[in-house]
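Worksheet for the structure shown next.
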Amino acid sequence: MKVAMWHGAGKFVIEEKPDPSPGPGQVVIKVDTVGVCGTDVHITQGLFPATAPSVLGHEFSGTIAATGKGVGRRRVGEQVVCDITSHCGKCANCREWTISRCENSQRSSGALAEFSVVPAQSAHRLPEGLDLETAALTEPASCCLSGSEMWPMPKDAVVLVIGGGIMGQFTVAFLKRRGAKTVILSEPVASRRELGRQMGADVLNDPRAEDLGEVVMRETNGRGVHIAAEVVGKTELVGRCIELTRPRGNVLMIGVCPQKSILPTDMYDFHYREIGLRGAFGRGNCFKRTLHVLPELNLNGVISARYPLERTYDAIYDSGQGRGVKLVVKPNGI
Ligand SMILES: [Zn+2]
Ligand SMILES: [Zn+2]
């Protein structure tokens with residue numbers, strides 16, 4: 001099989017490897033669609049820890065091609081989306097944190113290849129009404145579903161989402177579904193603002209054309225928003241969220257800030273106005289539930305471009321340049 005092997009920085013080499021065979025409890029997936037994630041972009045820029053050489057790609061769907069010992073052969077041919085981790089349900093993290101932080105997780109092999117091996121438990125059958133390409137959005141969507149449920153949603157809440165990439169789009173959709181009265185989306189790229197409208201945003205802000213602070217104060221009678229979500233991964237924008245949140249309002253960090261970054265905010269103001277700040281990294285316990293929510297969203301146009309395996313780096317580079325919303329790689333052909 002062909003594998004897009006990552007050798008550090010922006011270097012990917014297409015290498016020929018033996019087709020994988022499933023171990024006990026595993027399945028081999030013929031990969032259909034791999035979503036390029038902000039994390040992949042950060043890895044190639046040295047901003048997120050990873051060891052080369054390795055096969056990247058963790059948001060993927062495909063068809064079960066082979067099953068290992070202990071897995072029913074009837075699953076061959078099943079269309080699935082894969083969770084990158086498995087869980088034991090017994091360890092301290094599974095019990096006290098979330099199943100996506102299981103200490104005994106068996107990670108799947110990377111998906112930027114024609115085939116990938118995953119624990120059978122991590123391969124979830126697609127529900128009715130969900131196609132393979134859309135299903136590849138399950139991982140990013142599940143992170144946003146988990147994140148959007150971190151804070152209670154007050155009645156008639158005005159919420160702010162900064163960032164209209166794929167994660168911002170799902171955050172808009174899920175905060176709206178949770179009952180936010182007004183969702184303000186701040187995003188400089190026009191096409192992403194338009195998509196935000198489709199996902200449920202009520203007020204669109206181009207921060208380069210109109211001061212976001214003025215928009216927020218206009219929509220909230222000068223009080224600030226109830227919940228502000230940072231979905232870019234820039235510390236100054238987390239600080240901005242804190243500024244624009246009302247007293248006892250809550251801030252949600254869904255964007256991934258670089259390691260060792262420091263929060264630039266007025267700590268006196270943060271303390272005095274009793275703002276809440278909550279990190280939200282990863283899928284929590286939401287992966288499986290997200291599969292059933294996706295068919296209820298209007299995701300037309302979310303997948304902006306498709307790349308063959310040979311152009312993996314182009315997909316990651318273009319994604320880092322902010323091209324489109326979600327770029328995907330199709331290891332077995334477009
Ligand atoms: Zn991801
Ligand atoms: Zn566990």
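The values are calculated or read from the model by the stated rules, or taken from the named source; none is laboratory data. Note that the structure is predicted; figures quoted are calculated from it, not measured. So basically every Cβ, Gly included, is an ideal-geometry build from the backbone, and we count neighbours across all protein chains shown. The area values use the complete protein model at the heavy-atom level, side chains included, leaving out ligands, DNA and RNA. Shrake-Rupley method; radii C 1.70, N 1.55, O 1.52, S 1.80 Å.
Condition check ((1) among the aliphatic types (A, V, I, L, M); (2) at pLDDT below 95; (3) open to solvent by 50 Å² or more (accessible area, probe 1.4 Å)) across all residues:
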position	(1), (2), (3)
Ala4	yes, no, no
His7	no, no, yes
Pro18	no, no, yes
Ile29	yes, no, no
Asp32	no, no, no
Val36	yes, no, no
Thr39	no, yes, no
Ile43	yes, yes, no
Leu47	yes, yes, yes
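The residue of region 85-116 that is most open to solvent (accessible area, probe 1.4 Å), among those that are under 25 Å from Cys144 (Cβ atoms) and of a type in the set (A, V, I, L, M, F, W, C), is Trp97.
Can you tell me which residue within region 242-269, out of those that are surrounded by 23 or more Cβ atoms within 10 Å (Cβ to Cβ) and in contact with a Ser or Thr (Cβ under 9 Å, 6 or more places away or on another chain), is nearest to Arg223 (Cα to Cα)? Applying the filter and picking the extreme gives Ile242.
Of all residues in region 202-228, those that are in a loop (DSSP other than H, G, I, E, B) have Cβ atoms under 6 Å from Cβ atoms of residues that are among the basic types (Lys, Arg) and surrounded by 13 or more Cβ atoms within 10 Å (Cβ to Cβ), 6 or more apart or on another chain, in Arg223/Arg246; Gly224/Arg246.
Close contacts from region 33-56, counting a first residue that is over 14 Å from Tyr317 (Cβ atoms) and of a type in the set (Phe, Trp, Tyr) and a second that is assigned to a helix (DSSP H, G or I) and within 13 Å of ligand 1 (Cβ to nearest atom), with Cβ to Cβ under 9 Å and a gap of 6+ residues or different chains, come to Phe48/Gly38; Phe48/Thr39; Phe48/Asp40; Phe48/Val41; Phe48/His42.
Among Gly77, Gly62, Gly70, which is small (Gly, Ala, Ser), assigned to a strand (DSSP E or B) and at pLDDT 95 or above? Criteria check complete, one pass: Gly62.
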